[in-house]
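The values are calculated or read from the model by the stated rules, or taken from the named source; none is laboratory data. Just so you know, these numbers come straight off a predicted model, no measurement behind them. We place every Cβ from the backbone using ideal geometry, glycine too, and count neighbours over all the protein chains shown. Each accessible area value is taken on the protein alone, full model and side chains, heavy atoms only, with ligands, DNA and RNA left out. Shrake-Rupley method; radii C 1.70, N 1.55, O 1.52, S 1.80 Å.
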Amino acid sequence: MRPSTDDLLATARHYWPASMADALEEANPEFQRRTQRWNEALRQVEQWDGFRQHLKALLPGCSMGDGTTTSQASFRCIVYPAKGYPMPPIPWAVVGCMSILAPVFTVYGITFEYEGRKRRAAQLHLTPLSGPMEETARIIARELELRFHVTELPREVAATPVPVVVEWTEPPKTTLFDALFDSEPTIVP
């Protein structure tokens, strides 16, 4: 069962500071709580790695990346529609994020623009995705639900403003998406 929006807002306030001044203060209580939560979540890293290996088997024509970073609040897997080294320029990626702060997940797409072989720009696409990203997103969502018993956070709830600072995103721009998943979702390896 998905937590209520009020519960998610309270969770965001518990783990992220209310102001940039608080965020810049060394060892602020929110940072300490988030660090403790990450230490607990990292005990599941083998389960997360097993999930990514399982996705590789389900998506044999794709490459899998891990975009997890402890500066954000989720485990992130990235699926690219290509294989090889060096990887050819790819048109899109699908990202699955599972929050470490609440039993919720999201799946989104990114399309890329290139200048030669170098990525020049990335654009975020929220669900429902279309075209070739749709099936990949459906598989990731299904497997997150089955393996981790988390529920998808609806797009309109993810867009709810929250009065916290996540990395360099400040109110009124900060949303539950930023606080529960990632404040820079288009930055992927």
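Side notes on the structure shown:
- Members of the stretch 57-81 that are modelled with pLDDT of 95 or more and either loosely packed, with under 14 Cβ neighbours inside 10 Å or assigned to a helix (DSSP H, G or I) (or both): Ala57, Leu58
- Residue in the stretch 4-15 that is at pLDDT below 95 and either open to solvent by less than 50 Å² (accessible area, probe 1.4 Å) or at positive phi (or both) present: no
- Within the stretch 15-43, residues that are over 15 Å from Ala73 (Cα atoms) and polar (S, T, N, Q) have Cβ atoms under 8 Å from residues that are outside any helix (DSSP H, G or I) and open to solvent by less than 60 Å² (accessible area, probe 1.4 Å) in these pairs: Ser19/Val165; Asn28/Pro17, counting only partners at least 6 apart in sequence or on another chain.
- For the stretch 109-123, filtered to residues that are in contact with a Pro (Cβ under 8 Å, 6 or more places away or on another chain) and farther than 11 Å from Val188 by Cβ, the residue that is most open to solvent (accessible area, probe 1.4 Å) is Arg117.
- Tally of residues being without any contact (Cβ under 8 Å) to a residue 60 or more places away in the chain, surrounded by 12 or more Cβ atoms within 10 Å (Cβ to Cβ) and over 15 Å from the mean Cα position of the chain (by Cα) across the stretch 129-144: 7
- Scanning the stretch 146-176 for residues that are exposed (fewer than 14 other Cβ atoms within 10 Å of the Cβ), among the charged types (D, E, K, R) and in a helix (DSSP H, G or I), we see that the one that is farthest from the chain's Cα centre (by Cα) is Glu156.
- Residues of the stretch 16-26 satisfying the condition of being open to solvent by 40 Å² or more (accessible area, probe 1.4 Å) and in a helix (DSSP H, G or I): Ala21, Asp22, Leu24
- Within the option set Tyr85, Tyr114, being at pLDDT below 90 and either out of contact with any Phe, Trp or Tyr (no Cβ under 7 Å at 6 or more places or on another chain) or in a loop (DSSP other than H, G, I, E, B) (or both) holds for one residue only, Tyr85.
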